[in-house]
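The values are calculated or read from the model by the stated rules, or taken from the named source; none is laboratory data. Everything numeric here is computed off the predicted structure, so don't read it as measured data. No Cβ is skipped: glycine too gets one built from the backbone with ideal geometry, and neighbour counts run over all protein chains shown. For the accessible areas, the whole protein counts, side chains as well, though only heavy atoms, and no ligand, DNA or RNA atoms are used. Shrake-Rupley method; radii C 1.70, N 1.55, O 1.52, S 1.80 Å.
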Amino acid sequence: MLDILYRDDCLIAINKPHGLLVHRSSIAADAEEFALQLLRDQVGLKVNPVHRLDRATGGILLFALSKEVEIAMQQQFSDNLVNKKYTAIVRGYTPDSEEINYPLRKENGVLQGAFTVYQTLNRAEIPVPLGIHDTSRYSLIEIKPTTGRMHQIRKHMSHVFHPIIGDTTHGCNKQNKLFKEKWNMTTLLLHASQLSFNHPVMNAHIVIEAPLQAEFKRVIQIMRW
């Protein structure tokens, strides 16, 4: 059963597990379960996602219960009117805060502006050697992307040399190998923790929050945060 975070007559939000695809995709033929179909069967209603969330990312995924609301919410996301917060664990000690203004290239080669802000919530140095270092350092950060480019957060954190742990596409292979071998952990430590927006029908300010999931919490314990 999916964890439903918010529900009214127009919208429904779940805490999507890490590794669950939003819907069927030709690029992921190995998948047999999808958030869209699972939620539809759980609530007995047609649901449509109004934004994207990477398969490996956990956290808030918002669905519309009608075509009109779907279009209205997609427009809000397109116009950057939805405030998004993410939580991540990254390699190294991050600064207290940082703005990343770095354009990203689409698959067709076109550059798009991309802007991300983050602040550091906690740091840890643990007695686990890696490479030439006797210890390993990590940071817990809260991220606010103001644009919504594909893999934006993952690419931006890699760009500033603080890749997200568990990111097999844009991350650090040595760190990912360490987490897999030492802690049997392969989860992408990126979590969509909060969405806030104006309800397209009720004209009310809606804030949805999602608690961290088990694997993320396990790493937080490892870091002794």
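All conditions in (1) open to solvent by less than 30 Å² (accessible area, probe 1.4 Å); (2) free of Cβ contacts under 8 Å to residues at least 60 places away in the same chain; (3) under 23 Å from residue 167 (Cα atoms) hold for residue 33, with the sole exception of (1). Residue 130 fulfils the conditions (1) over 30 Å from residue 50 (Cβ atoms); (2) touching a strand residue (DSSP E or B) at 6+ places or on another chain (Cβ under 6 Å); (3) modelled with pLDDT of 95 or more; (4) surrounded by 12 or more Cβ atoms within 10 Å (Cβ to Cβ) except for a single criterion, (3). Considering every residue within the stretch 147-159, establish whether at least one is of a type in the set (Val, Ile, Thr) and modelled with pLDDT under 95. Yes, because at least one residue in the stretch 147-159 is of a type in the set (Val, Ile, Thr) and modelled with pLDDT under 95.
Scanning the stretch 159-188 for residues that are open to solvent by 40 Å² or more (accessible area, probe 1.4 Å), farther than 16 Å from residue 216 by Cβ and part of a helix (DSSP H, G or I) returns 159, 173, 174, 177, 181, 182. Restricting the stretch 86-106 to residues that are among the acidic types (Asp, Glu) and in contact (Cβ under 8 Å) with a residue 24 or more places away in the chain, the residue that is surrounded by the most Cβ atoms within 10 Å (Cβ to Cβ) is 98. The single residue among 122, 83 that is open to solvent by 80 Å² or more (accessible area, probe 1.4 Å) and at pLDDT 95 or above turns out to be 83. In the set 64, 88, only one residue is modelled with pLDDT of 95 or more and farther than 22 Å from residue 116 by Cβ; that residue is 64.
Taken over the stretch 133-153, residues that are over 30 Å from residue 108 (Cα atoms), open to solvent by 80 Å² or more (accessible area, probe 1.4 Å) and assigned to a loop (DSSP other than H, G, I, E, B) amount to 1.
Would you say residue 72 is out of contact with any His (no Cβ under 9 Å at 6 or more places or on another chain) and in contact (Cβ under 8 Å) with a residue 40 or more places away in the chain?
Spelling it out, residue 72 is indeed out of contact with any His (no Cβ under 9 Å at 6 or more places or on another chain) and in contact (Cβ under 8 Å) with a residue 40 or more places away in the chain.
Of the residues making up the stretch 191-212, those that are surrounded by fewer than 19 Cβ atoms within 10 Å (Cβ to Cβ), touching a residue at least 60 places away in the same chain (Cβ under 8 Å) and either in a loop (DSSP other than H, G, I, E, B) or in contact with a Gly (Cβ under 7 Å, 6 or more places away or on another chain) (or both) number 5.
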